[in-house]
Amino acid sequence: MKPTTHTTTRLITLIMLLQQQPNQKAAELADQLGVSIRTLHRYIDMLDEIGIPVYSERGPHGGFSLVRGYKMPPLVLTPEEAVAVYLGTSQIVEMWEVMYRDAALGALAKLQNVLPDDQLQEIAWARQALVVTHMHRADFTRFMPVLENLRQATRNSLQVAMIYHGRSHPQPTSRTVDPYALVHRWGWWYLIGHCHTRAAVRSFRVDRILDLSLLEHTFQRPDDFDLQEYLDSEPHEQRERFAVRLR
């Protein structure tokens, strides 16, 4: 990242910090920004030069503050941040398709209406140079109703009943599951949840769900359940195996 981008990002962060809490000490602000106190004072001077009203008060309860009533504009992004938002919406469209496509494209359209020209140019470049596509290893169009039901069940903490044909089982089995999360990994969608049949947290590949029903019973996801920790410690035999052809 360019040094000027670092400075711009830190100036915006400084404004947000001052907006959130007045009378902040120089040492505290410098620590949050990861800079020296001398650099912080230089940033304060830079804000003053561009018309951002910052003042300081001496004493044990004093510090730096924005002039009362000042609010940062509702949307201030660096070019790199604008590209990051664009890439995020692109991945949402690619992964969720019809479920979040309109929302993602609508958010991007609103963003483009308020961004300055230099950031629009960055997004135009990203459209041609940073492309996300074919993230699924199979056509998930026919599984979208299942994904939508699972999304609703996860959002509303509803148990689900399903017929699941696991890789290691010759016949489909009936499962009742508390759906904790939907995870996209290795090119597939997975449901992570507590399986009442197995009395343990399990992962289920969505395209192997043959039938799904939302139940009226609700559940509470355990406070100590850490999704990332579970994914990192998932038994190796549950992970997908990929065939590699050597030529």
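The values are calculated or read from the model by the stated rules, or taken from the named source; none is laboratory data. Treat the numbers as computed from the prediction; the structure is a model and nothing was measured. Please note: Cβ atoms are built from the backbone with ideal geometry, for glycine as well, and neighbour counts cover all protein chains shown.
Those residues that are assigned to a loop (DSSP other than H, G, I, E, B) and of a type outside the set (G, A, S), I need them from the range 160-193; list them, please.
Taking the range 160-193 first, the residues assigned to a loop (DSSP other than H, G, I, E, B) are 165-172, 186-187.
Hits for the range 160-193 are H165, R167, H169, P170, Q171, P172, W186.
Please state which one of A181, A107, A129 is in contact with a strand residue (DSSP E or B) (Cβ under 7 Å, 6 or more places away or on another chain) and small (G, A, S).
A181
Here is a check on your reading of the model: is T154 part of a loop (DSSP other than H, G, I, E, B) and either free of Cβ contacts under 8 Å to residues at least 40 places away in the same chain or in the same structural domain as Y100 (by TED's automatic domain parsing) (or both)?
no
Within the range 178-199, take every residue that is crowded, with 19+ Cβ neighbours inside 10 Å and among the hydroxyl-bearing types (S, T, Y) and give me the one that is farthest from Q91 (Cα to Cα).
Residue satisfying both the conditions and the ranking: Y180.
Among the candidates L108, L87, L115, L120, single out the residue that is within 18 Å of the chain's Cα centre (by Cα) and more than 19 Å from G187 (Cα to Cα).
On the way: L87 fails: more than 19 Å from G187 (Cα to Cα); L115 fails: within 18 Å of the chain's Cα centre (by Cα); L120 fails: within 18 Å of the chain's Cα centre (by Cα).
After ruling out the rest, the residue left standing is L108.
Would you mind telling me which numbered condition in (1) in a helix (DSSP H, G or I); (2) at pLDDT below 85; (3) surrounded by 15 or more Cβ atoms within 10 Å (Cβ to Cβ) H136 fails?
(1)
Could you tell me which numbered condition I15 fails, if it satisfies all but one of (1) modelled with pLDDT of 90 or more; (2) closer than 16 Å to E81 by Cβ?
(1)
What's the total number of residues in the range 56-114 that are at pLDDT 85 or above, farther than 30 Å from Q24 by Cβ and either out of contact with any Asp or Glu (no Cβ under 8 Å at 6 or more places or on another chain) or among the polar types (S, T, N, Q) (or both)?
Here the count works out to 4.
Given the structure, is E148 outside any loop (DSSP other than H, G, I, E, B), of a type outside the set (G, A, S), modelled with pLDDT of 85 or more and surrounded by fewer than 14 Cβ atoms within 10 Å (Cβ to Cβ)?
Against the criterion (outside any loop (DSSP other than H, G, I, E, B), of a type outside the set (G, A, S), modelled with pLDDT of 85 or more and surrounded by fewer than 14 Cβ atoms within 10 Å (Cβ to Cβ)), E148 qualifies.
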